[in-house]
Each structure stands twice: as C-alpha cells, then as structure tokens.
Amino acid sequence: MSDGKSFPVNIYRKSTDNGITIRVAYGEMDAYISSRTTFAQLDSFVEKAYVHYSDAILDRPFYEENVYIYVFGKKRYLTDDIRLQYNPTYFYVPKKAKSPIPRYKKTFLDYLSVHLMELGDRMGVNLRSWTINTGFYLSFYGICYPYKHVMKFDYRLLAYTPEVMDAVLIHEIAHTYEMHHNQRFYTIVKMYCPQYDILDRMIDEGKFEGEMDDYVYESH
C-alpha cells in the first residue's frame with residue numbers, strides 16, 4: 001500500500017472478462033479478476049477498496065498454516081500432540097494429516113448436525129431428513145434448496161462465535177418459509193434473531209471474535 005501497510009488479498013480468476021469484483025469475507029479481501037486485468041489496475045482498485053472497507057478486518061485470516069485456526073470465535077493453535085486434543089487452547093490434528101481442514105470440516109458438520117436441528121425445531125421446521133453439506137464456497141456463506149431438502153454452508157463459518165454463526169443458520173432456515181429476500185423474509189429472520197443486522201455485518205467484516213462494541217451505539 002502507498003502508506004506502507006500490507007494485507008493479504010486472495011485473487012481468483014473470473015469466468016467472464018468484465019473487470020474486477022472485490023469481496024471482503026473471513027478476515028480477508030477477495031479479488032475476482034478477468035484475464036484482461038493488469039496488476040496496475042488491480043493495485044488501484046484494491047487501494048480504493050481498502051478505504052471503502054475501512055471498518056472491516058482485512059488482515060486476520062481464519063487460518064494460518066502450521067500456526068492457528070479460528071474455532072467458535074477463538075484462535076486455537078495447531079498441535080499434533082494427542083495429549084492436547086481436548087485442550088481448548090489448541091486444535092488437534094494427527095501427525096499423518098496433511099491439513100487441518102478435513103478435521104475442521106468434520107467439527108463443523110458435527111456441530112451442525114445437532115445445532116441446526118435445534119434451531120429448526122425452534123422455528124417450526126423439521127430438518128432431520130435434510131442433507132446438510134459444507135464446503136469452500138466463494139459466493140455465499142450458506143444456501144438453502146427447500147424443494148430438494150438441502151442446505152450448504154461454508155465451513156469457514158466455524159471461525160465465528162456461535163451467536164454470529166446463528167445469523168447465517170437462521171437466515172437459511174427462514175428460506176423454508178420464504179424464498180425471496182423481502183419484508184416477510186426478514187420479519188421471520190428477526191423474529192428468531194433480533195440482532196441479525198449487527199451479526200450479519202460482523203460476518204461481512206471478518207469479526208470472528210464477536211467484536212460488538214463498535215455497534216452498541218448504533219443498536220440503541
């Protein structure tokens with residue numbers, strides 16, 4: 001950056017040749033570029049996006065290889081010491097594993113298999129026969145297919161506190177009542193998640209640790 005600061009930007013190739021798109025998610029900035037984009041154009045665009053997203057966290061990725069990974073809003077240090085597998089300061093990964101991500105996905109799915117059902121029951125939706133998938137999704141945090149009885153969630157949501165995560169889970173369950181993002185839909189969402197607007201912003205801004213202080217004044 002021109003001010004001497006630096007932060008990571010993940011670069012993805014677009015399938016179309018129509019400029020640059022910036023998305024901030026999971027504590028980093030994602031840039032989607034066409035085959036015609038030059039590095040000079042990208043640098044200029046990122047400089048402007050950096051100012052635009054000044055409230056967002058751009059230098060705290062959910063995972064740093066061989067160092068840490070965020071789980072439920074807490075930084076947990078990676079370890080292959082089996083004696084520490086139940087220690088909340090660490091995230092245990094067996095020595096033979098090439099990456100912590102498969103174990104991370106399983107942790108998230110285990111959580112969803114119980115908690116999503118509980119939220120569904122609270123909202124009057126029985127999700128026990130539904131297929132719940134998780135993966136690395138660039139364009140959404142979660143998605144619901146009511147007629148197929150399928151929901152998908154980005155596994156990186158596990159980086160956030162349970163309260164923040166619930167905003168996404170409740171959002172997708174609400175789609176079983178209303179597919180469109182209209183007034184009826186958000187009335188349902190906010191019935192079960194009154195602080196939805198604040199929590200949704202925290203997701204977009206990469207605030208894994210539940211940094212709500214910035215929003216206290218606005219919520220009154």
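The values are calculated or read from the model by the stated rules, or taken from the named source; none is laboratory data. All figures in this text were calculated on a predicted structure; none of them were measured in a lab. Don't worry about glycine lacking a Cβ; one is built from the backbone with ideal geometry, like all the others, and counts go over all protein chains shown. Side chains included, ligands, DNA and RNA excluded: accessible areas come from the protein's heavy atoms. Shrake-Rupley method; radii C 1.70, N 1.55, O 1.52, S 1.80 Å.
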Practice prompt. For the range 17-59, name all the residues that are closer than 18 Å to Tyr137 by Cα and not in a strand (DSSP E or B).
Written response: Tyr26, Gly27
Worksheet item: Among the listed residues Lys14, Lys5, Lys48, which satisfies the condition of being open to solvent by less than 60 Å² (accessible area, probe 1.4 Å) and free of Cβ contacts under 8 Å to residues at least 60 places away in the same chain?
Response: Lys14
Discussion item. Kindly evaluate Glu205 against the criterion of being at pLDDT below 95, open to solvent by 80 Å² or more (accessible area, probe 1.4 Å), of a type in the set (Asp, Glu) and on the phi < 0 side of the Ramachandran plot.
Written reply: no
Discussion item. Among the residues of the range 123-141, are any closer than 30 Å to His175 by Cβ, within 20 Å of the chain's Cα centre (by Cα), exposed (fewer than 12 other Cβ atoms within 10 Å of the Cβ) and among the small types (Gly, Ala, Ser)?
Written reply: yes
Discussion item. Among the residues of the range 98-121, are any open to solvent by 30 Å² or more (accessible area, probe 1.4 Å) and touching a His at 6+ places or on another chain (Cβ under 9 Å)?
Written reply: no
Response to the item:
Per the filter on the range 17-45, residues open to solvent by 10 Å² or more (accessible area, probe 1.4 Å) and either touching a Lys or Arg at 6+ places or on another chain (Cβ under 8 Å) or of a type in the set (Asp, Glu) (or both) are Asp17, Thr21, Glu28, Tyr32, Ile33, Ser35, Asp43
Response to the item:
Log entry, pairs with first residue in the range 190-204 being closer than 14 Å to Thr161 by Cβ, second being at pLDDT 95 or above and surrounded by 16 or more Cβ atoms within 10 Å (Cβ to Cβ), beta carbons closer than 6 Å, six or more apart or on different chains, reads Cys193/Ala167; Cys193/Ile170; Leu199/Ala167; Asp200/Ala167
Worksheet entry | Residue count, the range 63-78 (criterion: open to solvent by 20 Å² or more (accessible area, probe 1.4 Å) and closer than 15 Å to Arg156 by Cβ) | 7
